[in-house]
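Please read the structure below before turning to the comments.
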Amino acid sequence: MQAEDLQLLVERQMPYGKYKGRLLADLPGHYLGWFAREGFPKGELGRLLALMYELDHNALTGLLEPLRRR
């Protein structure tokens, strides 16, 4: 993980699927869990989704709040 990745979570939107257009930081835990079980996409999106899953799973999403206010 790089520090810039946290900022990307509050800026990037999900590009496809049921939650298309929703910020990665706002994806529900069950959806992130599904990716964790089935496999994250390749590339940057997969890396960011995996990071968001870890934050959600470990109850660390509050770390993103200061970044949302920028």
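Every read-out reported here was derived from the displayed coordinates using simple, explicitly stated rules and does not represent laboratory data. Predicted, not measured: the structure shown is a model, and the values here were computed from it. Reconstructed Cβ throughout: ideal geometry from the backbone, glycine too, with neighbour counts over all protein chains shown.
Express the C-alpha Rg of the chain as a ratio against the empirical globular expectation 2.2 N^0.38 Å, rounded to two decimals.
Numbers: Rg = 11.1 Å, N = 70, 2.2 N^0.38 = 11.1 Å.
Against the compact-globule rule of thumb, the ratio is 1.00.
Expressed as a rounded percentage, what relative contact order does the chain have, with Cα pairs under 8 Å and six or more residues apart? Walk me through the numbers on the way to the answer.
Working: 57 pairs, mean separation 22.8, N = 70.
Over the chain, the number comes to 33 percent.
Quick one: angle between helix 29-38 and the longest Cα principal axis of the chain, in degrees between 0 and 90, rounded to 10, please.
50
Return the long-range amide H neighbours of Leu23 (sequence gap of 5 or more, or a different chain), with a cut-off of under 5 Å between placed amide H atoms.
Placed amide hydrogens put Met14 under 5 Å from Leu23.
Rounding to the nearest 20 debye, state how big the charge dipole of the stretch 3-65 is about its Cα centre with +1 on each Lys and Arg Cβ and -1 on each Asp and Glu Cβ.
Values: 7 positive and 9 negative charges, 72 e Å.
Computed charge dipole of the stretch 3-65: roughly 340 debye.
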